[in-house]
Amino acid sequence: MILVTGGAGFIGANFVHFWLERTGEAVVNLDLLTYAGNPDNLADLRGDGRHVLVQGDVADRELVRELLARHRPRAVIHFAAESHVDRSILGPGAFIQTNVVGTFHLLEMVREYWSTLPESVYDQGATQRDFRFLHVSTDEVYGSLAPQDPPFAETNPYQPNSPYAASKAASDHLIRAWHHTFGLPVLTTNCSNNYGPYQFPEKLIPLVIHHALAGKPLPIYGDGQQVRDWLYVEDHCLAIMRVLEAGRVGETYNIGGWNEQANLNVVRTICGVLDALQPRMDGRGYAEQITFVRDRPGHDRRYAIDARKIEAELGWKPRETFESGILKTVRWYLQHAEWVSGVTSGAYRQWVDRQYGGPG
Ligand SMILES: NC(=O)c1ccc[n+]([C@@H]2O[C@H](COP(=O)([O-])OP(=O)(O)OC[C@H]3O[C@@H](n4cnc5c(N)ncnc54)[C@H](O)[C@@H]3O)[C@@H](O)[C@H]2O)c1
């Protein structure tokens, strides 16, 4: 049994599916079901006894204590977070609350649970020696690179620039300290930008697909030359599984696809795939919908990941190229139009208005 937090969100839902397919091992999924968490992402698992979805906050100590005591997981994988940079500029409070305070409360409850486990050799089930807390983090903690800089290695200093990145950096430091101070067996992964099925259409790739099909402008911040390293979400899930299985306790692992792309290029690639799969009625290209808009304040120029550590130590390599991953992703969104309209309607709007005091 493992416990995941945030398993109804984009990466978490992909991970739950991936995990059950690969291992069959049961998953308890603690998720607050914010606007980004959607039980429909897990609809095919309804009635599957290997998956339990619990709606709740990682900061709710009593709930976390009770879940750990009842299910006795051998590992906790912590995905839950506020994750959208633009929202962190509009309303940083929720980011500090979940990503920093929430992670603190979760860590404390996990530490308490871990200290009650038998040290080693147990019939079956969790032991202190084999228990792992895996914290899922981002490459944004390292700040921004100049064009000539080498990609981020695990030894790069932390220089977070957005409230989102700062909140994730703070949580990474808590994880590190709980290992050094209390001996909690932790692992941290810092991954580049993910894309794939179930990604909320406020993020670049699903947003572009959604707007293109709706005939809306495709907004590009600034000059569109901000560079990101893109990784297909299933490759991220595979990396997390490898780190959980074989990563060295207390270490951090950078995960990336060696795939640097300027945002404008990403958008043009999507337009090309859509032109081929679902051409516009008027016969013109989707790229005509590209519109340049004012840049995001403090927008980082370039992120790139040096993934040599996880490749050399754990034998992980991404399976998808950018072209194959984008093709799979566009196909998925074309086949799941009802999913997109579901997540962008009613409940989502209300939540955004409550949380951020206005449209998102
Ligand atoms: N998306 C990326 O490109 C990317 C890249 C690297 C790392 N990450 C990290 O991976 C993790 C997952 O990212 P994502 O893109 O799937 O995010 P997401 O926003 O799609 O999902 C986050 C999930 O966490 C849940 N959640 C939020 N607050 C919670 C709380 N207080 N208690 C319990 N659940 C809560 C939400 O309901 C949602 O299901 C995050 O920690 C993020 O920082 C994301």
*Looking at region 59-73, is at least one residue out of contact with any Ser or Thr (no Cβ under 9 Å at 6 or more places or on another chain), under 26 Å from VAL243 (Cβ atoms), open to solvent by 20 Å² or more (accessible area, probe 1.4 Å) and aliphatic (A, V, I, L, M)?*
no
*Residues that are out of contact with any Phe, Trp or Tyr (no Cβ under 9 Å at 6 or more places or on another chain) and either modelled with pLDDT of 95 or more or buried (at least 20 other Cβ atoms within 10 Å of the Cβ) (or both), drawn from region 241-263*: LEU244, GLU245, ALA246, ARG248, VAL249, GLY250, GLU251, THR252, ALA262
*Residues satisfying the stated conditions in region 127-158, i.e. farther than 11 Å from THR188 by Cβ and of a type in the set (Val, Ile, Thr)*: THR127, THR155
*Take PHE10 and decide whether it is touching a residue at least 60 places away in the same chain (Cβ under 8 Å), more than 9 Å from the ligand (Cβ to nearest atom) and within 15 Å of the chain's Cα centre (by Cα).*
no
*If the Cβ limit is 6 Å and pairs must be 6+ apart or interchain, which residue in region 64-91 that is more than 17 Å from ALA26 (Cβ to Cβ) pairs with which residue that is more than 12 Å from the ligand (Cβ to nearest atom) and not charged (D, E, K, R)?*
VAL64/MET109; ARG65/MET109; SER88/PRO163; LEU90/TYR356; GLY91/TYR356
*Which one of the conditions (1) at pLDDT below 95; (2) touching a helix residue (DSSP H, G or I) at 6+ places or on another chain (Cβ under 7 Å); (3) surrounded by 14 or more Cβ atoms within 10 Å (Cβ to Cβ) does PRO297 fail to meet, given that it meets all the rest?*
(3)
*Would you check which residues across region 305-342 are of a type outside the set (Phe, Trp, Tyr) and surrounded by 20 or more Cβ atoms within 10 Å (Cβ to Cβ) and list them?*
ILE305, ALA307, ILE310, PRO318, GLU320, GLY325, ILE326, THR329, VAL330
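The values are calculated or read from the model by the stated rules, or taken from the named source; none is laboratory data. Source: prediction; values computed, not measured. Please note: Cβ atoms are built from the backbone with ideal geometry, for glycine as well, and neighbour counts cover all protein chains shown. Protein only, heavy atoms only, side chains kept; ligands, DNA and RNA dropped before computing areas. Shrake-Rupley method; radii C 1.70, N 1.55, O 1.52, S 1.80 Å.
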